[in-house]
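Asks: Below is one structure. I have some questions about it.
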Amino acid sequence: MKTILINLKEIKPGKTTFSILSNSEDLELKDIEYELASKINTQINIYKNRNNYEMEIASIFDLRLICSRCLSEFIKQFNEISHFYLKEGKEDVEKEHTFSDEDAYTIFFSEESIDIAPIIREQVILSIPIKPLCSESCQLPSYKSEFTDIDPRWQKLMELKDKLNQ
Ligand SMILES: [Zn+2]
């Protein structure tokens, strides 16, 4: 897998933005359940305040899915956003185990730069729906539609039945 390195020492105070384009080969996403139908367009925003870093990673990409109801193939766009706190040093599980902000994760770094390729890869993998649907209203081919293609020999009988019911 390619590395996508961000050198934190070069980050100036305030907001810094990077854009990265990667593909399924870069991120070893060739063998996932559904194929990527586009490149992965990622925007990274890093907010630095003294020695505190906050990082937002937003990835936009298309997946070629197969509808779990009608089995038709369709392409859906995903926009996945993750938030992180970056801290220098090694992870201290006991101290950092807090649920105060469930949407944000803390990344500990000891090197000058961090590799965000695994984060983007995870965004794609976690976005894969368990039961993709081509649309909210997608229906299985229903029994009703089968009855509309009814054998003409039965049609007379059905009409008779309707008459009797009137
Ligand atoms: Zn469908």
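Asks: Residue separation times 0.36 nm, minus the C-alpha to C-alpha distance between Asn79 and Leu140: what's the value?
Replies: Taking Asn79 through Leu140 to full extension adds about 19.2 nm, to one decimal.
Asks: Continuing with the same structure: By how many nm would the segment from Lys87 to Asn49 lengthen if fully extended, with 0.36 nm per residue of separation less the alpha-carbon distance? Please report the intermediate quantities before stating the final value.
Replies: Values: separation 38, 0.36 × 38 = 13.68 nm, distance 1.19 nm.
My answer for the length gained is 12.5 nm.
Asks: If each residue of separation counts as 0.36 nm, what is the full-extension length gain between Cys70 and Lys2 once their alpha-carbon separation is subtracted?
Replies: Full extension from Cys70 to Lys2 adds 20.8 nm.
Asks: Out of every Cα-Cα pair in region 1-48, what percent are more than 16 Å apart?
Replies: Value for region 1-48 (Cα pairs over 16 Å): 50 percent.
Asks: Here's something else I'd like to know. Can you put Thr3, Thr16 in order of Cβ neighbours within 10 angstrom, beginning with the fewest? Provide the component values of the computation, followed by the final result.
Replies: Working: Thr3 11, Thr16 17.
Ranked by crowding around the Cβ, least crowded first: Thr3, Thr16.
Asks: Right, next: How many percent of Cα pairs in region 5-139 exceed 25 Å?
Replies: Details: 3419 of 9045 pairs.
So the pairs more than 25 Å apart make up 38 percent of the total in region 5-139.
Asks: With the cut-off at 22 Å, tell me which of the pairs Lys30/Lys76; Lys12/Lys39; Lys15/Lys87; Lys15/Lys76; Lys2/Lys131; Lys2/Lys30 have Cα atoms farther apart than that.
Replies: Pairs exceeding 22 Å: Lys12/Lys39; Lys15/Lys76; Lys2/Lys131.
Asks: For Lys156, which lysines qualify as cross-link partners when the Cα separation must be under 26 Å and same-chain residues fewer than eight apart are set aside?
Replies: In chain and number order, the partners are Lys144.
Asks: Please report the net charge: other residues with Cβ closer than 12 Å to the Cβ of Pro118, K and R +1, D and E -1. Mind showing how you got there, number by number?
Replies: Working: positive: Lys2, Arg121; negative: Asp26, Glu28, Asp115, Glu122.
Local charge sum for Pro118: -2.
Bear in mind these aren't lab numbers, they're just calculated from the coordinates by the rules spelled out. All values reported here derive from a predicted model rather than from experimental measurement. Every residue, glycine among them, receives a Cβ derived from its backbone with ideal geometry; neighbour counts consider all protein chains shown.
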